[in-house]
Each structure stands twice: as structure tokens, then as C-alpha cells.
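*Asks:* Here's a structure for you.
The values are calculated or read from the model by the stated rules, or taken from the named source; none is laboratory data. Just so you know, these numbers come straight off a predicted model, no measurement behind them. When we count neighbours, we look across all protein chains shown, and the Cβ atoms used for this are built from the backbone with ideal geometry, even at glycine.
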Amino acid sequence: MQRSLFLFALSMFVMFQAQSQDFFKAPDFAQIERNVREQVSSYYYPNLMKKYQSGATNMTPEEGRHLYFGYVYQPGYVPTDTSEFNGKLAAILSKKSFIAEDYATILRYSDALLQEDPFNLRALNAKLLVYAQQNNTEEYKKVAQQRRIVQDAIVGTGDGMSDKTPFYVIKVAHEYDILPFLGFNFGGEDKILKNLKVNYLSLGENRFGVERVYFNISPVIDHISKHGGGKM
């Protein structure tokens with residue numbers, strides 16, 4: 001019953017946030033690659049990225065999917081999450097109170113992370129925190145729109161309830177970042193399923209009674225395999 005409640009809540013979210021997008025459609029990576037590379041395509045990647053970075057409110061759900069998953073075919077795509085700014089941002093955000101200088105530092109670290117990963121939800125959330133405190137409505141709306149595009153792209157790919165219907169992500173870090181948005185906390189276990197490009201995260205106690213959320217990480221595994229291995 002609790003799992004059904006979670007699926008209903010997630011379905012309702014997708015319905016309202018991605019009205020024209022079929023529920024839980026796994027990305028067609030071959031088609032996405034063709035589309036984002038074709039200059040005359042409405043999904044040509046440089047145009048999508050420019051639209052995203054401007055905070056445009058008219059980006060369609062399908063454009064958002066091409067933006068997020070098409071990033072794996074761009075020169076800047078790196079599936080690992082080893083930036084020194086991760087620790088620096090976490091450290092300053094752990095402070096009990098902030099001064100004006102802290103806000104400037106948070107923005108600087110967040111921007112550095114977004115240069116390496118334009119879909120870093122932690123960095124986007126940190127920027128939203130600063131803009132809310134500064135009453136910077138214009139920048140807040142822009143970053144909130146960017147966050148929505150990333151979240152919609154991920155939750156539109158599955159329900160995360162099994163290895164057959166996982167959420168697709170292009171970085172393992174995005175798994176952890178999407179959990180709070182879904183109403184969950186990480187439970188401590190991160191396991192890759194044997195012979196599958198899927199892993200799951202265990203969850204802390206939650207009102208839906210869900211124990212795990214599954215993610216397809218095929219772009220990560222494919223990239224690492226192509227480049228001779230490495231850390232995820």
C-alpha cells in the first residue's frame with residue numbers, strides 16, 4: 001500500500017511537470033546521440049545548452065531529456081565526481097550561520113562545480129539558498145528552472161522501484177542528489193547488480209515504506225569501460 005502511494009505521488013508529479021512526455025520512458029541513447037549531433041535538429045546540443053544556461057522557461061520535457069542524456073556525447077562529460085570543490089562547498093554549507101562573504105564563496109564554489117557538471121543538483125541547490133537569502137528573485141527563478149529540468153529528465157525515465165524500471169542517470173552522484181527530491185534519505189548501502197548496468201541505493205526509514213531505489217548507470221559504465229576503467 002505504501003509503495004503504491006509512492007508510485008502514485010511520483011506519477012502525479014511527472015504528469016504535472018512533464019505534461020507532453022510519456023510516463024517513465026527510458027532514454028533511447030542512439031537516437032539522442034544522432035539528434036544532439038545534427039546541426040539542423042531542434043535538439044542540436046549547443047543550442048540546448050545555451051537555452052538551459054539562460055534559464056529559459058520554454059524548454060520542453062523532450063528537450064530536457066536530450067540536454068541531460070545528450071551530455072554524455074559532449075567533450076566535457078566526465079562521469080566521476082572527484083572535484084575538490086565538493087568538499088569545499090560541503091564544508092561551508094555545514095556552518096551554522098553565514099555572513100555576506102560566505103554567500104559569495106558558496107556561489108563561487110557552486111559555479112566551479114557547475115563548470116565541471118552543469119547538472120550538479122547540490123550546486124544548484126546551494127545557489128538557490130544564496131539567492132533566497134539575498135532576495136534575488138531573477139537569479140532564483142533561473143536556477144530553479146535549471147534544477148527542474150534536471151529533475152524532470154531523471155524522474156521521467158522510470159519509477160526506480162526495480163531493476164526493470166530504474167531511474168537513468170549520467171553520474172552516480174546524481175543518484176544521491178535526487179533522493180531528497182523524492183523524499184528519501186540514503187540508507188547506507190550502494191550496490192551494483194551483477195551483470196547489469198544498474199545499482200541501487202538503500203533508503204532510510206520513510207513514510208512510503210520503500211527500501212531501495214534503483215538506477216541505471218549505463219552511461220557511466222560505458223564511459224569508464226571505453227577509457228580503460230577507473231573510479232565511478
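*Asks:* Considering only segment 13-73, give the helices (runs of 4 or more DSSP H) lying wholly within it that have at least 2 residues that are at pLDDT 95 or above and surrounded by fewer than 18 Cβ atoms within 10 Å (Cβ to Cβ). Before the answer, list the steps.
*Replies:* Numbers: elements: 29-37, 45-53, 61-70.
So the answer is 29-37, 45-53.
*Asks:* Could you please tell me which pairs satisfy a Cβ distance under 8 Å, a separation of 6+ or placement on different chains, a first residue in segment 125-140 that is farther than 16 Å from residue 89 by Cβ, and a second residue that is among the charged types (D, E, K, R) and surrounded by 14 or more Cβ atoms within 10 Å (Cβ to Cβ)?
*Replies:* As it stands, the answer is 139/127, since those pairs meet every condition given.
*Asks:* Among (1) closer than 17 Å to residue 219 by Cα; (2) in contact with a Gly (Cβ under 7 Å, 6 or more places away or on another chain), where does residue 176 come up short?
*Replies:* Only one criterion in (1) closer than 17 Å to residue 219 by Cα; (2) in contact with a Gly (Cβ under 7 Å, 6 or more places away or on another chain) is unmet by residue 176, namely (2).
*Asks:* Determine the pairs where a residue that is touching a residue at least 12 places away in the same chain (Cβ under 8 Å) and over 23 Å from residue 221 (Cα atoms), located within segment 77-92, has a partner that is among the aliphatic types (A, V, I, L, M) and part of a helix (DSSP H, G or I) with Cβ atoms under 8 Å apart, the partner being 6 or more residues away or on another chain.
*Replies:* Listed pairs, sorted by first residue: 85/112; 85/113; 89/106; 89/113; 89/123; 89/126; 92/106.
*Asks:* Got a sec? Which of 186, 215 is under 15 Å from the mean Cα position of the chain (by Cα) and at pLDDT 95 or above?
*Replies:* Numbers: 186 fails: under 15 Å from the mean Cα position of the chain (by Cα).
It is 215.
*Asks:* Another question, then. Which of (1) more than 24 Å from residue 89 (Cα to Cα); (2) touching a residue at least 60 places away in the same chain (Cβ under 8 Å); (3) within 20 Å of the chain's Cα centre (by Cα) is the odd one out, the single condition residue 207 does not satisfy?
*Replies:* All conditions are met except number (3).
*Asks:* Oh, and also: Going by the conditions given, is residue 29 among the hydrophobic types (A, V, I, L, M, F, W, C) and under 20 Å from the mean Cα position of the chain (by Cα)? I'd like the intermediate steps shown before the answer.
*Replies:* Values: among the hydrophobic types (A, V, I, L, M, F, W, C): yes; under 20 Å from the mean Cα position of the chain (by Cα): yes.
So residue 29 passes the test.
*Asks:* Looking only at residues in segment 139-181 that are among the small types (Gly, Ala, Ser) and within 24 Å of residue 195 (Cβ to Cβ), which one is surrounded by the most Cβ atoms within 10 Å (Cβ to Cβ)?
*Replies:* Taking the candidates together, the pick is 160.
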